[in-house]
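One structure is given below, encoded as structure tokens.
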Amino acid sequence: MKPTRLHGSQKTRIFGLIAVLALFALAAPMPAMAKPDANLTAQQIVQRANYSSYYSGKDGRSKVKMTITDSQGRERRRELTILRLNSVVGPEAGKGSDQKYLVVFHRPADVRGMVFLVWKRAKGDDDRWLYLPALDLVKRIAAGDERTSFAGSDFFYEDVSGRGLQEDEHKRLPDEDGLYVIENTPKKPGSVEFASYKVWIDPETFIPMKGQYLDRSGKVYRTMEVQAVETIQGNPTVTKSKIADVGRGTTTILEFTGVKYDVGLPDKIFSERYLRRPPRKYLR
């Protein structure tokens, strides 16, 4: 069965330098243990941060608890598993290389069995599919829909795998609180809603600890933060992160548990065939 392509109004894209990603903070972060290297360029810092955020190990698996809080303080919860496979292993991957992601939802009942598949491409647009079990339907997420809400949260589809490094100009600003500060400006401003975004990067782990997105008027409208980092199998790993929509007054917190690298995930599970029947062996 061929996937059904989603159409609609053309929507802008946004970079989620997360992780599933690594995320950031509105408040000032704690000072880093290591000192920033004055000789590193913005591009070198961004590449190393990209590696730390997305490419540790050959592959990876984590359980995720998602807590979505609306402007009135009401909470909704989601539980899911994220599987990731790299095409390139090692720091060179941070310059940009292909990846595959499989995201499987377990709870609550209204999202149980929903599966999201991403083929992230270093060159060209990413491919994304969403399986809706209630309709037994595979939908293709069009490039213009990448900024729609992911599972009703403050995250977007593009946040799962991130934005290509080549899509922005990167400028190193003066260090703050012992962290690198990078200002990022889109090369095609008409294709995105933000004017620019800044990230604060730990010089020891190269994990982005804080981020702020600015609109055309120069106001911060979206913030991200890392709230907890642990070293797992030698890899600095985000275990708790938060994103906030300043205008709507909503927040989403992700808590990562059971994180494991170099699981031995086969390439075949990152395909449409496994959208309807996710691989239980690798979800445990």
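Some points to look at:
- Looking only at residues in segment 94-120 that are more than 12 Å from residue 83 (Cα to Cα) and among the charged types (D, E, K, R), the one that is surrounded by the fewest Cβ atoms within 10 Å (Cβ to Cβ) is 110.
- Qualifying position, being farther than 24 Å from residue 48 by Cα and of a type in the set (Asp, Glu), among 98, 177, 127: 127
- Wholly enclosed strands (runs of 3 or more DSSP E) of segment 129-244 bearing at least 3 residues surrounded by fewer than 20 Cβ atoms within 10 Å (Cβ to Cβ): 137-140, 168-176, 179-186, 220-232
- Residue count for segment 139-198 satisfying the condition of being modelled with pLDDT under 90, basic (Lys, Arg) and within 22 Å of residue 241 (Cβ to Cβ): 2.
- Going through (1) of a type in the set (S, T, N, Q); (2) without any contact (Cβ under 8 Å) to a residue 12 or more places away in the chain; (3) crowded, with 21+ Cβ neighbours inside 10 Å one by one, residue 56 falls short only on (2).
- Among the candidates 263, 259, residue that is among the hydrophobic types (A, V, I, L, M, F, W, C), within 17 Å of residue 81 (Cβ to Cβ) and under 16 Å from the mean Cα position of the chain (by Cα): 259
- Filter result (β-branched (Val, Ile, Thr) and closer than 20 Å to residue 39 by Cα) within segment 180-228: 181, 182, 199, 201, 205, 207
- Of the strands (runs of 3 or more DSSP E) lying entirely inside segment 55-126, those containing at least 2 residues that are more than 22 Å from residue 281 (Cβ to Cβ) span 59-69, 75-86.
- Scanning segment 101-124 for residues that are more than 21 Å from residue 50 (Cβ to Cβ) and charged (D, E, K, R) returns 107, 110, 112.
The values are calculated or read from the model by the stated rules, or taken from the named source; none is laboratory data. Quick caveat, the model's predicted, so the values are computed rather than measured. Positions of Cβ are backbone-derived with ideal geometry, glycine not excepted, and every protein chain shown enters the neighbour counts.
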